[in-house]
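Inspection log for the structure reproduced underneath, given as structure tokens.
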Amino acid sequence: MEKNPPDDRGPVHVPLGHIVANEKWRGSQLAQEMQGKIKLIFEDGLTPDFYLSNRCCILYVTEADLVAGNGYRKRLVRVRNSNNLKGIVVVEKTRMSEQYFPALQKFTVLDLGMVLLPVASQMEASCLVIQLVQEQTKEPSKNPLLGKKRALLLSEPSLLRTVQQIPGVGKVKAPLLLQKFPSIQQLSNASIGELEQVVGQAVAQQIHAFFTQPR
């Protein structure tokens, strides 16, 4: 594992209300959707796709990345090993890439402990990125991106969607679980007994197996 990726050269300066974007996104639908709503600065040679601040970045896994295999994992690990960065993983979960999503989810959330936010398209991703930039402008005490206890609770709708994909959970049980365990990290560390109090024995065992079974 590399602990010093090429762009790990110290904090990247990100002016307030701006995003520093990897040059490869210039002219993309994602960048075009953000134009006019937020200012983009393009820079070559970045491991992350977007810097929200000098400490927080986004790694974007496209539909093509997922279908192509596990090549995306190296970038995630490099950012995870960086002392300077907190990485958020945004992934295109589409009909074509859906079958590959569980492996990415386990690797990102369980193995690396990173935030994972699924989106249906680059248009939806642009809205999410803009929302995250707005979160960066909040006071640190009110910003869930910077709070240690809530580090994995970024966007309730996106978090709900992730929890709903756990076998046996769905749209009804996900909100109940998040009331008791407000982050993926807390949910993954919950015992079967604690889960049973919320969703019953059968579903509790399914959730526990999802987080503990080997990939």
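The values are calculated or read from the model by the stated rules, or taken from the named source; none is laboratory data. Not measured: the values here are computed from a predicted model. Cβ atoms come from the backbone with ideal geometry, glycine included; neighbour counts cover every protein chain shown. Surface accessibility is based on the protein's heavy atoms, side chains included, excluding ligands, DNA and RNA. Shrake-Rupley method; radii C 1.70, N 1.55, O 1.52, S 1.80 Å.
Quick test for you: out of 185, 197, pick the one residue that is open to solvent by 50 Å² or more (accessible area, probe 1.4 Å) and either in the same structural domain as residue 98 (by the TED database) or under 19 Å from residue 118 (Cβ atoms) (or both).
Values: 197 fails: either in the same structural domain as residue 98 (by the TED database) or under 19 Å from residue 118 (Cβ atoms) (or both).
Being open to solvent by 50 Å² or more (accessible area, probe 1.4 Å) and either in the same structural domain as residue 98 (by the TED database) or under 19 Å from residue 118 (Cβ atoms) (or both) holds for just one of 185, 197, which is 185.
List the number of the failed condition for residue 40; all other conditions in (1) assigned to a helix (DSSP H, G or I); (2) over 20 Å from the mean Cα position of the chain (by Cα) hold.
(1)
Say whether the condition of being at pLDDT 80 or above and at positive phi is met by at least one residue in region 111-118. Let's see the steps before the verdict.
To start, the set of residues in region 111-118 that are at pLDDT 80 or above comprises 111-118.
The next check asks that each one be at positive phi; those that pass are 113.
Yes, region 111-118 contains a residue that is at pLDDT 80 or above and at positive phi.
Within region 35-54, how many residues are closer than 12 Å to residue 19 by Cα, of a type in the set (D, E, K, R) and open to solvent by 20 Å² or more (accessible area, probe 1.4 Å)? Before the answer, list the steps.
Here is the first cut: in region 35-54, the ones closer than 12 Å to residue 19 by Cα are 35, 37-43, 48-54.
Now narrow it down to the ones that are of a type in the set (D, E, K, R): 37, 39, 43, 49.
Keeping just the survivors that are open to solvent by 20 Å² or more (accessible area, probe 1.4 Å) gives 37, 39, 43.
Result for region 35-54: 3.
Which numbered condition trips up residue 105, out of (1) in a helix (DSSP H, G or I); (2) closer than 22 Å to residue 54 by Cα; (3) among the polar types (S, T, N, Q)?
Of (1) in a helix (DSSP H, G or I); (2) closer than 22 Å to residue 54 by Cα; (3) among the polar types (S, T, N, Q), only one is false for residue 105: (2).
Which of the residues belonging to region 87-102 are in contact with a helix residue (DSSP H, G or I) (Cβ under 8 Å, 6 or more places away or on another chain) and either outside any loop (DSSP other than H, G, I, E, B) or surrounded by fewer than 16 Cβ atoms within 10 Å (Cβ to Cβ) (or both)? Give the derivation first.
We begin by selecting, within region 87-102, every residue in contact with a helix residue (DSSP H, G or I) (Cβ under 8 Å, 6 or more places away or on another chain); these are 87-94, 96-97, 100-101.
Within region 87-102, 87, 88, 89, 90, 91, 92, 96, 100, 101 meet the criteria.
Where residues in region 103-135 are more than 13 Å from the chain's Cα centre (by Cα) and aliphatic (A, V, I, L, M), which of them is least open to solvent (accessible area, probe 1.4 Å)?
133
Being modelled with pLDDT of 90 or more and either under 17 Å from residue 79 (Cα atoms) or open to solvent by 80 Å² or more (accessible area, probe 1.4 Å) (or both) is the filter here; which residues of region 7-34 pass it?
20, 21, 22, 24, 26, 29, 32
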